[in-house]
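Visitor: Sharing a structure with you now.
The numbers here are math on the coordinates, done by the rules we state, and not lab data. Not measured: the values here are computed from a predicted model. Cβ placement follows ideal geometry from the backbone for every residue including glycine, while neighbour counts extend to all protein chains displayed.
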């Protein structure tokens, strides 16, 4: 800290430094969110259940994607990970299992095949690691 400031310039210097750090922090947040979303989508595509008997095997697993979510309070953009239509209807049934009904009568049960929670935890962990590393490098 070789910069010297007069008392009346000190507040301006502090605000300038905080604004620079704030801009860097938003950039680090966006980069971390993007990397974490990419990792989560890749993990979901690898670990999602696949129906090898259907007309289009593995279509549910390939339908995972991400998009940028605008409008967060800090002007950073988040990421949304989702299943493209028409497969979005399957994610809850596959993750938690469901009853199989025929003519209103329960004839069996489809077991849960959890895959979303593991990807979410992986994404959170990677986001936190990238964020810590990025903010540490920004200072």
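Visitor: With a/c under 1.5 counting as rounded, go ahead and sort the range 91-139 into rounded, prolate or oblate using the C-alpha gyration tensor (a ≥ b ≥ c being the square roots of the eigenvalues; past the cut-off, prolate if a/b is larger than b/c, else oblate).
Guide: Note, shape of the range 91-139 comes out prolate.
Visitor: Between 78, 108, 23, where does the largest GNM mean-square fluctuation fall for the chain, given springs only between Cα atoms within less than 10 Å?
Guide: 108
Visitor: Any chance you could run the full-extension gain for residue 53 through residue 120? It's 0.36 nm times the residue separation minus the Cα-Cα distance, nm to one decimal.
Guide: Roughly 21.3 nm would be gained on extension.
Visitor: Turning to a different aspect of this structure: Quickly estimate the mean residue ellipticity at 222 nm for the chain, helices only: each DSSP H run with n ≥ 4 gives -39500 (n - 2.57), and the total goes over all residues, rounded to 500.
Guide: Estimated from H runs of four or more residues: -18500 deg cm²/dmol.
Visitor: Suppose the chain between residue 128 and residue 113 were pulled fully straight at 0.36 nm per residue; how much longer would it get relative to their current alpha carbon spacing?
Guide: That pair, residue 128 and residue 113, stretches by 2.7 nm at full extension.
Visitor: Now a separate question. Using Cα atoms only, what is the angle between the long axis of helix 116-138 and the major principal axis of the chain, expressed in degrees (0 to 90) to the nearest 10?
Guide: The angle comes out near 10 degrees.
Visitor: Separation between the residue 100 and residue 6 pseudo-spin-labels, each 7 Å from Cα along Cα→Cβ, expressed in nm?
Guide: With each label placed 7 Å out from Cα toward Cβ, I get 8.3 nm.
Visitor: Nearest 10 degrees, 0 to 90: what angle lies between the long axis of helix 7-47 and the longest principal axis of the chain (Cα atoms)?
Guide: Roughly 20 degrees, rounded to the nearest 10.
Visitor: Return one quarter of the surface area of the convex hull spanned by the alpha-carbon atoms of the range 26-139, equal to its mean projected area, in nm².
Guide: Result: 8.9 nm².
Visitor: Something else about it: Determine the relative contact order of the chain: mean sequence separation of Cα pairs under 8 Å and six or more apart, normalised by residue count, in whole percent.
Guide: Answer for the chain is 26 percent.
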